[in-house]
């Protein structure tokens, strides 16, 4: 089964307001928000501290690390950063 998620910090950085009229098209996709909870916030903070990544990138890494599977594909403008914040998980990062 495929799950499509977007870390909420990434959504904020991208300006994706689900309630805005211009978000109608993207809202048709079944993309679930991955929110920061205590555990993922702690992991994200550790990623920022160890890599200097942005909050949005660290949220991606924390989300990847929390996934129960190793079959993770990340669509990104910076594949190298996504690989770096996802360690120790191995991901497929596709440049868009």
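The values are calculated or read from the model by the stated rules, or taken from the named source; none is laboratory data. Just so it is clear, the model here is predicted, and its values are computed rather than measured. Glycine also receives a Cβ, built like all others from the backbone with ideal geometry; neighbour counts cover every protein chain displayed.
The table below gives the values:
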item: Contacts under 6 angstrom Cβ, first residue in segment 80-96 being without any contact (Cβ under 8 Å) to a residue 12 or more places away in the chain, partner surrounded by 17 or more Cβ atoms within 10 Å (Cβ to Cβ) and part of a strand (DSSP E or B), 6 or more apart; result: 83/93
item: Any chance residue 18 is touching a strand residue (DSSP E or B) at 6+ places or on another chain (Cβ under 9 Å), closer than 21 Å to residue 1 by Cα and either loosely packed, with under 13 Cβ neighbours inside 10 Å or modelled with pLDDT under 95 (or both); result: no
item: Out of 47, 91, sole residue that is touching a helix residue (DSSP H, G or I) at 6+ places or on another chain (Cβ under 7 Å), within 17 Å of residue 5 (Cα to Cα) and surrounded by 13 or more Cβ atoms within 10 Å (Cβ to Cβ); result: 91
item: Per-region count, segment 58-96, residues within 17 Å of residue 43 (Cβ to Cβ) and touching a strand residue (DSSP E or B) at 6+ places or on another chain (Cβ under 6 Å); result: 7
item: Residue within segment 16-30 that is touching a residue at least 24 places away in the same chain (Cβ under 8 Å), on the phi < 0 side of the Ramachandran plot and out of contact with any helix residue (DSSP H, G or I) (no Cβ under 6 Å at 6 or more places or on another chain) present; result: yes
item: Unmet criterion (only one of (1) surrounded by 15 or more Cβ atoms within 10 Å (Cβ to Cβ); (2) under 23 Å from residue 80 (Cα atoms)) for residue 52; result: (1)
item: Among the residues listed as 35, 24, 72, the single one being surrounded by 15 or more Cβ atoms within 10 Å (Cβ to Cβ) and either within 15 Å of the chain's Cα centre (by Cα) or more than 14 Å from residue 10 (Cβ to Cβ) (or both); result: 72
